[in-house]
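Enquirer: One structure follows; several queries about it will come next.
The values are calculated or read from the model by the stated rules, or taken from the named source; none is laboratory data. Just so it is clear, the model here is predicted, and its values are computed rather than measured. Every residue, glycine among them, receives a Cβ derived from its backbone with ideal geometry; neighbour counts consider all protein chains shown. For the accessible areas, the whole protein counts, side chains as well, though only heavy atoms, and no ligand, DNA or RNA atoms are used. Shrake-Rupley method; radii C 1.70, N 1.55, O 1.52, S 1.80 Å.
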Amino acid sequence: QRFAFRWKPATKWKRKNYDLHNILGFYVLLFALIIALTGMVWAFSWFGDGVQWLANGGQATPEQTYNSKPSDTKTAGIYDKILTDMQHKAPANYYDIWLAGDTSSAIVGYSEFLEAGHQWTTLHYDQYTGKNLSIKTYAEKLPGKKLRDMNYYIHTGAILNLPGKILAFIVSLICAGLPITGFYIWWGRRKKRTRRM
């Protein structure tokens, strides 16, 4: 019912605790919900798939896998070769290379523009030869895939750069305090009921 702190010198601790819980909780609700939902994308694959399905307008994001052809030999300086190819095919200001998870999977490279809302170009490479297997720019991706690529940055607030990170920190700090203030509210009401009995 109240949207601001109206404390007086005579205001009791219970009232202050109640206000901290309700007023701060009200103002961080939307941001806390965003942080929670983006966290669920990692925790539950069905939830992440559902978010992409909704963002795509009722269409699932096609799963594409790229495999390396197993070989006994590897091209020397393969990661330098991959980085050079990424810089040529998808110039950006940030490059990320993920190692292959097993002997048949591909190396995944991300070429990213940090200042442009974290727009990624995704590239796949053969882990033995360094040959480029695929390239998909940010513009070519479905809306659901674009949203999934930005999930980490939305979750941490990095999508808004430093101000967003500070906001995410403050929201997380308040959310961490809500169980404590909530417990004191519950404990106070419990003590009242015990006295009546």
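Enquirer: Do the sum for the chain: with -39,500 (n - 2.57) for every DSSP H run of n ≥ 4, divided by all residues, what is the mean residue ellipticity at 222 nm, to the nearest 500 deg cm²/dmol?
Expert: On the way: 7 runs with 98 residues, N = 197.
So the helix-based figure for the chain works out to -16000 deg cm²/dmol.
Enquirer: While we're looking at this one, here's another question. Highest GNM mean-square fluctuation, the chain, Cα pairs closer than 10 Å: which of T11, T129, T121?
Expert: For the chain, modelled as a Gaussian network with Cα springs under 10 Å, the answer is T11.
Enquirer: Note the full-extension length gain between Q59 and Y95 as 0.36 nm times their separation in residues minus their Cα-Cα distance, in nm to one decimal.
Expert: Values: separation 36, 0.36 × 36 = 12.96 nm, distance 2.97 nm.
Gain on stretching Q59 to Y95: 10.0 nm.
Enquirer: Right, another one. Kindly provide the trypsin sites (Lys or Arg not before Pro) of region 24-111 that DSSP labels as loop, not H, G, I, E or B, and whose Cβ sees at most 11 other Cβ atoms within 10 Å. Don't skip to the answer; put the middle values down first.
Expert: Values: sites: K74, K81, K89; in loops: K74.
Listed in order of number, the matching sites amount to none.
Enquirer: Along the Cα→Cβ direction, 7 angstrom out, place labels at S45 and T73. What is the inter-label distance in nm?
Expert: Placing both labels 7 Å beyond Cα along the Cβ direction yields 3.7 nm.
Enquirer: Magnitude of the Cβ-charge dipole of region 72-159, K/R +1 and D/E -1, about the Cα centre, nearest 20 debye?
Expert: 240 debye
Enquirer: Another question, then. Work out the length of the dipole vector of region 1-139 about its Cα centre, built from +1 on the beta-carbon of each Lys and Arg and -1 on the beta-carbon of each Asp and Glu, and round it to the nearest 20 debye.
Expert: Values: 13 positive and 11 negative charges, 260 e Å.
Computed charge dipole of region 1-139: roughly 1240 debye.
Enquirer: Which one, P9, A90, G164, projects farthest toward the positive side of the charge dipole computed for the chain from Cβ point charges (K/R +1, D/E -1)?
Expert: Of the options given, the answer is P9.
Enquirer: How much area per residue is accessible in the chain when the probe is 1.4 Å and only protein heavy atoms are counted (Å²)?
Expert: Numbers: 13440 Å² over 197 residues.
Per residue, the chain has an accessible area of 68 Å².
Enquirer: Right, next: Among G188, S68, L54, which residue has its Cα furthest toward the positive end of the charge dipole of the chain, with +1 on Lys/Arg Cβ and -1 on Asp/Glu Cβ?
Expert: G188
Enquirer: Check each of the trypsin sites (Lys or Arg not before Pro) in region 1-50 and keep only those in coil by DSSP with at most 15 other C-beta atoms within 10 angstrom; list them in order.
Expert: On the way: sites: R2, R6, K12, K14, R15, K16; in loops: R2, R6, K12.
For trypsin sites (Lys or Arg not before Pro) across region 1-50 that sit outside H, G, I, E and B with at most 15 neighbouring Cβ atoms in 10 Å, the list reads R2, R6, K12.
Enquirer: Counting only protein heavy atoms, what percent of the accessible surface of region 25-146 is carbon or sulfur at a 1.4 Å probe? Before the final figure, lay out the partial values.
Expert: Values: 4620 of 7520 Å².
Of the solvent-accessible surface of region 25-146, carbon and sulfur hold 61 percent.
Enquirer: So what J values fall out for region 176-187 if you push phi through Karplus, 6.51 cos²θ - 1.76 cosθ + 1.60 with θ = phi - 60°, rounded to Hz, Gly and Pro as x?
Expert: 5, x, 4, x, 6, 5, x, 4, 5, 5, 4, 5
Enquirer: Next question, about the same structure. Report the Cα centroid-to-centroid distance between region 144-184 and region 75-124 in angstrom, as an integer.
Expert: So the two Cα centres are separated by 28 Å.
Enquirer: Please give every one of the lysines within straight-line cross-link reach of K81, meaning a C-alpha to C-alpha distance under 30 Å, and leave out same-chain neighbours fewer than 8 residues apart.
Expert: Once the sequence-local lysines are set aside, what remains near K81 is K69, K89, K131, K136, K141, K145, K146.
Enquirer: While we're on this one: Please list 168-177, 97-106 highest first by mean number of surrounding beta-carbon atoms within 10 Å per residue.
Expert: Details: 168-177: 15.3, 97-106: 13.3.
Packing proxy ranking, top to bottom: 168-177, 97-106.
Enquirer: Still on this model: May I ask you to compute the full-extension gain from A139 to F26, defined as 0.36 nm times their residue separation minus their alpha-carbon distance, rounded to one decimal in nm? If you can, show how the numbers build up before the last one.
Expert: On the way: separation 113, 0.36 × 113 = 40.68 nm, distance 3.69 nm.
Roughly 37.0 nm would be gained on extension.
Enquirer: Given a cut-off of under 8 Å on Cα pairs at least six residues apart, what relative contact order in percent is computed for region 83-122?
Expert: Values: 52 pairs, mean separation 13.7, N = 40.
About 34 percent, as a whole number.
Enquirer: What angle, in degrees between 0 and 90 and rounded to the nearest 10, separates the Cα long axis of helix 45-55 from the longest principal axis of the Cα atoms of the chain?
Expert: Once rounded, the angle reads 90 degrees.
Enquirer: If you don't mind, another one. Suppose the chain between W7 and D80 were pulled fully straight at 0.36 nm per residue; how much longer would it get relative to their current alpha carbon spacing?
Expert: On the way: separation 73, 0.36 × 73 = 26.28 nm, distance 6.22 nm.
Full extension of this stretch gives 20.1 nm more.
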